[in-house]
Amino acid sequence: MRIIVCLIFLGIAVGFFVISWFQFKGKGYLFNNAYLWASPEERKRMDQDHGAKRPYYRQSGFAFLLIGVTCLLLAVYFATGWLWVFAVAGLSVVIMVIYAVASSVKLEMKR
């Protein structure tokens, strides 16, 4: 059972790493709340000026990268049972939340 859970988390981690790579490259759909909740006019402006979307792509890329790392750490935990890896995964979640809040505030202040 642990191996199945490990493989599931590995698959999820790979998926998040792929999404992160596309976000860093500025390709594909922008998975970012600033874009998702923007008014139609604001979205149209962002779509026309790709440079306006670049910081949001970068923010999403880092967020998906951190989620992928967390899933990878959880896969290692389920494969090995090492409790310290689970603690590091918890720390990565805390870092992810701090990064998300800090980068959102920074991007909002630049606007």
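The values are calculated or read from the model by the stated rules, or taken from the named source; none is laboratory data. Just so it is clear, the model here is predicted, and its values are computed rather than measured. All Cβ positions, even for glycine, are placed from backbone atoms using ideal geometry, and neighbour counts span all protein chains on display. Just the protein is used for accessible areas: all its heavy atoms, side chains included, with ligands, DNA and RNA removed. Shrake-Rupley method; radii C 1.70, N 1.55, O 1.52, S 1.80 Å.
In region 55-63, is there at least one residue being over 13 Å from the mean Cα position of the chain (by Cα), at pLDDT below 95 and either of a type outside the set (A, V, I, L, M) or surrounded by 12 or more Cβ atoms within 10 Å (Cβ to Cβ) (or both)? Spell out how you get there, then give the answer.
Step one: list which residues in region 55-63 are over 13 Å from the mean Cα position of the chain (by Cα), which gives 55.
Applying the additional criterion that residues be at pLDDT below 95 yields 55.
After this cut, where a residue has to be either of a type outside the set (A, V, I, L, M) or surrounded by 12 or more Cβ atoms within 10 Å (Cβ to Cβ) (or both) as well, the list is 55.
Taking every residue of region 55-63 in turn, at least one turns out to be over 13 Å from the mean Cα position of the chain (by Cα), at pLDDT below 95 and either of a type outside the set (A, V, I, L, M) or surrounded by 12 or more Cβ atoms within 10 Å (Cβ to Cβ) (or both).
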- [ ] Could you check Ser103 against (1) open to solvent by less than 70 Å² (accessible area, probe 1.4 Å); (2) assigned to a loop (DSSP other than H, G, I, E, B); (3) touching a residue at least 24 places away in the same chain (Cβ under 8 Å) and say which number it fails?
- [x] (2)
TODO: Tell me which residues, restricted to region 30-41, are open to solvent by 50 Å² or more (accessible area, probe 1.4 Å), aromatic (Phe, Trp, Tyr) and either closer than 15 Å to Arg58 by Cβ or in contact with a His (Cβ under 9 Å, 6 or more places away or on another chain) (or both).
DONE: Phe31
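So is Lys27 open to solvent by 80 Å² or more (accessible area, probe 1.4 Å) and not in a helix (DSSP H, G or I) or not? Give the derivation first.
Values: open to solvent by 80 Å² or more (accessible area, probe 1.4 Å): yes; not in a helix (DSSP H, G or I): yes.
Yes, satisfied.
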Open item on the list: Quick test of your reading of the structure: Gly81 fulfils all but one of (1) at positive phi; (2) at pLDDT 90 or above. Name the failing condition by number.
Closed with: (2)
Task: Failed condition for Phe9, given (1) over 23 Å from Ile95 (Cβ atoms); (2) open to solvent by less than 70 Å² (accessible area, probe 1.4 Å) - done: (1)
TODO: Name, by its number, the condition in (1) part of a helix (DSSP H, G or I); (2) aliphatic (A, V, I, L, M); (3) in contact with a Ser or Thr (Cβ under 7 Å, 6 or more places away or on another chain) that does not hold for Val76.
DONE: (3)
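Against the definition (over 14 Å from the mean Cα position of the chain (by Cα) and not small (Gly, Ala, Ser)), how does Leu73 come out, yes or no? Walk me through it before giving the result.
Working: over 14 Å from the mean Cα position of the chain (by Cα): yes; not small (Gly, Ala, Ser): yes.
So Leu73 fits the description; yes.
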